Amino acid sequence: MMASRGAGGGREGFTLSSNVDKEKLFDIETVAFDLLMRLVYSDAPIKEGKYMATAMDLRTLAAGLSDEQLLKAAATQLRVPVQDLDTKNLEGKSRANVEANYAKINRALQLSGEFIRDELKLPMPAEVANTRVNSPAELVALLKKTTVFKAGHTGLDRHLAYCALIKGALAAIELETRYAHDLAGEANYLQSIITEQRPENNHTPLIIGKPISTDDEISGTLSAVEGDSPCNVTFEIRDKTWQSLMRKFMSKPEANAKEAFKDAIAFRFQLDGRHKGTVERVLKFFKRQFEGGARMITNKGVMGQAEFNKLFASVKEIKGSRGLEVDPKSNPKSDPNFAVLQITGAMKVPPGGDLKVPKRNWRARSFELQFVDDAQKPPTGLASDAVYALKKDAVIATRLMGSFELSWLLEHAIPASLDTKYTNMTADAIVNGLIEQGHIIKKPGKRGKYAATETWENWLGIEGLIKDEKMQASLGHVVAEALQKKELAKKKKKSIAE
């Protein structure tokens, strides 16, 4: 989000002050400034073809904006009237609204600081991470710090630290608008209904037997329904913590809570792929217990087209799922390392898992069901889940700061290297592999900065987001080479599989 004025202080442009010295990024007199203003005053992504951007992708905050304009931008992102940020002449309901809004801002700042420092382990001074605001003047002062550039001695420019803090806070605020803090309780409720004998499920859970739990996974037997035979299954509910949700949200280019929560609660069923009736069985249980209905189905290499068509027709007969559509991106010949049948839909849950809440007040949640054939070899090496998580962190770090040090990437590759069952690679080998396959680029210049390819590809694809022709050319060349590497690696993987 952040840059400073050019050295001369004129209106010829803004300078990128984080990773590429003295390069103009935004020209205030062109469409770039218009794009900047559109993003600042928008709570939805701006799309150009397959590329999109939100306020989280800005590398500058318009210098010279008045205090009133800055407050309006803050109110837009908070989705509140600007007067609900005014701390003067407060009384009654107005005072409560204002206090609630500043409490919301401070919770978001706290979560942002904790996520960036403790989860991503990116450099951020404690005084920045501990920033709190309680008045319009303090809020405006914080926003203005993102336009002031002073080179520090810690490897992170101070203004960039404030920028990252605000970006993280934007993500936290988005999650709060979707009641993300209740998801853990709701996921626990759903898991208990699916795996335990309870009055709410007539003491007939979907998964029965004595489960053996490993981490978040539960092994058991999928119960028989309407004459179908039971089958063994490994079950897991994913993305239950605020940290995992922050990662999920910030790694998505749309960075919009509505989009990020399309699969707010993800359920994975790993079982014998010959039991295709399992899909109907699960959806019928979801309909009965959670008023669940399927909306979209995606076939990623699990079955052939004829078999998929038959399954699709049968699922559409289930009450609540008759509006089911096939995802246009569904591809039966997709990468076999990621073979999965995905179904997204909507259901009703008690807020926070609190059964004292009347059913009429239960909350609508989106869900994603993943069906994985246990005969399918789990993704290994650079395709493993652990390396996928590393790539997601690299995307987030790039989005926050534009790049990262190689040492940061190596440190974050260590957890993946400890996964000897699936990844089975050293940290050095993982990092080198990600670079060789085009997932990570080395940015032009002598500063030894690296970045996630997909983030810069997206930024280069948004007209006006990067205006400097020299920067466009140098980074465009590097990104193009990386994309070629990714395509070659993908073709090689498919040829080996075939």
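Close contacts from the stretch 156-169, counting a first residue that is crowded, with 24+ Cβ neighbours inside 10 Å and part of a helix (DSSP H, G or I) and a second that is modelled with pLDDT of 90 or more and of a type in the set (Ser, Thr, Tyr), with Cβ to Cβ under 6 Å and a gap of 6+ residues or different chains, come to Leu165/Ser112; Gly168/Ser112; Ala169/Ser112. Would it be correct to say that Ile466 is modelled with pLDDT under 95, in the same structural domain as His412 (by TED's automatic domain parsing) and either buried (at least 17 other Cβ atoms within 10 Å of the Cβ) or in contact with a Gly (Cβ under 8 Å, 6 or more places away or on another chain) (or both)? When the stated conditions are applied, Ile466 passes them.
Take the conditions more than 27 Å from Ala161 (Cα to Cα), touching a Ser or Thr at 6+ places or on another chain (Cβ under 9 Å) and modelled with pLDDT under 90 and apply them to Thr426. Does it pass? So Thr426 does not fit the description; no.
For (1) in contact with a Phe, Trp or Tyr (Cβ under 6 Å, 6 or more places away or on another chain); (2) more than 30 Å from Leu283 (Cα to Cα); (3) touching a residue at least 24 places away in the same chain (Cβ under 8 Å), each residue gets a yes or a no:
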{"residue": "Pro351", "(1), (2), (3)": "no, no, yes"}
{"residue": "Asn361", "(1), (2), (3)": "no, no, no"}
{"residue": "Pro379", "(1), (2), (3)": "no, no, yes"}
{"residue": "Leu382", "(1), (2), (3)": "no, yes, yes"}
{"residue": "Ala386", "(1), (2), (3)": "no, no, yes"}
{"residue": "Ala397", "(1), (2), (3)": "yes, yes, yes"}
{"residue": "Ser407", "(1), (2), (3)": "no, yes, no"}
{"residue": "Asn432", "(1), (2), (3)": "no, yes, no"}
{"residue": "Ile440", "(1), (2), (3)": "yes, yes, yes"}
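Exactly one residue out of Gly433, Gly402, Gly438 is closer than 19 Å to Pro123 by Cβ, out of contact with any strand residue (DSSP E or B) (no Cβ under 6 Å at 6 or more places or on another chain), surrounded by 14 or more Cβ atoms within 10 Å (Cβ to Cβ) and of a type in the set (Gly, Ala, Ser), and it is Gly402. Scanning the stretch 74-89 for residues that are buried (at least 21 other Cβ atoms within 10 Å of the Cβ), touching a residue at least 60 places away in the same chain (Cβ under 8 Å) and not in a helix (DSSP H, G or I) turns up nothing. Residues considered: Glu481, Glu411, Glu457, Glu463. Of these, the only one that is part of a loop (DSSP other than H, G, I, E, B) and farther than 22 Å from Thr380 by Cβ is Glu463.
For beta carbons closer than 6 Å, sequence separation of 6+ or different chains, a first residue in the stretch 241-266 that is over 15 Å from Tyr51 (Cα atoms) and not assigned by TED's automatic domain parsing to the domain that holds Trp456 and a second that is modelled with pLDDT of 85 or more and of a type in the set (A, V, I, L, M), the qualifying pairs are Met246/Ala171; Phe249/Ala171; Met250/Ala171; Met250/Ile396; Ile265/Ala187.
Considering the stretch 217-240 alone, what residues qualify as being at pLDDT 80 or above and either assigned by TED's automatic domain parsing to the domain that holds Ala164 or of a type in the set (Gly, Ala, Ser) (or both)? Even if it seems obvious, please write down each step before you answer.
First pass over the stretch 217-240, keeping only residues at pLDDT 80 or above: 218-222, 231-237.
Answer for the stretch 217-240, where residues must be at pLDDT 80 or above and either assigned by TED's automatic domain parsing to the domain that holds Ala164 or of a type in the set (Gly, Ala, Ser) (or both): Ser219, Gly220.
Summed over the stretch 89-120, the residues that are at pLDDT 95 or above and at positive phi give a count of 0.
Among the residues of the stretch 298-307, is there at least one that is over 13 Å from Asp373 (Cα atoms), crowded, with 19+ Cβ neighbours inside 10 Å and either touching a Ser or Thr at 6+ places or on another chain (Cβ under 8 Å) or of a type in the set (Lys, Arg) (or both)? Yes, the stretch 298-307 contains at least one residue that is over 13 Å from Asp373 (Cα atoms), crowded, with 19+ Cβ neighbours inside 10 Å and either touching a Ser or Thr at 6+ places or on another chain (Cβ under 8 Å) or of a type in the set (Lys, Arg) (or both). Of the candidates Ile441, Ile430, the single residue that is assigned to a helix (DSSP H, G or I) and not assigned by TED's automatic domain parsing to the domain that holds Asp272 is Ile430.
Go through Ala74, Ala53 for me and flag whichever is at pLDDT 85 or above and touching a strand residue (DSSP E or B) at 6+ places or on another chain (Cβ under 6 Å).
On the way: Ala74 fails: touching a strand residue (DSSP E or B) at 6+ places or on another chain (Cβ under 6 Å).
So the residue among Ala74, Ala53 that is at pLDDT 85 or above and touching a strand residue (DSSP E or B) at 6+ places or on another chain (Cβ under 6 Å) is Ala53.
Selection of the stretch 329-367 for residues being at pLDDT below 90 and among the charged types (D, E, K, R) yields Lys329, Lys333, Asp335.
Looking only at residues in the stretch 345-397 that are among the hydroxyl-bearing types (Ser, Thr, Tyr) and closer than 30 Å to Ser407 by Cβ, the one that is surrounded by the fewest Cβ atoms within 10 Å (Cβ to Cβ) is Tyr388. Looking at (1) surrounded by fewer than 21 Cβ atoms within 10 Å (Cβ to Cβ); (2) touching a helix residue (DSSP H, G or I) at 6+ places or on another chain (Cβ under 6 Å); (3) small (Gly, Ala, Ser); (4) closer than 23 Å to Leu483 by Cα, which is the one condition that is false for Ala413? It fails just one condition, (1).
Residues in the stretch 110-148 that are of a type in the set (Asp, Glu) and farther than 25 Å from Pro415 by Cα were compared, and the one that is surrounded by the most Cβ atoms within 10 Å (Cβ to Cβ) is Glu138.
The values are calculated or read from the model by the stated rules, or taken from the named source; none is laboratory data. The structure displayed is predicted, hence computed values, not measured ones. Every residue, glycine as well, gets a Cβ built from its backbone with ideal geometry; the counts of neighbours run over all protein chains shown.
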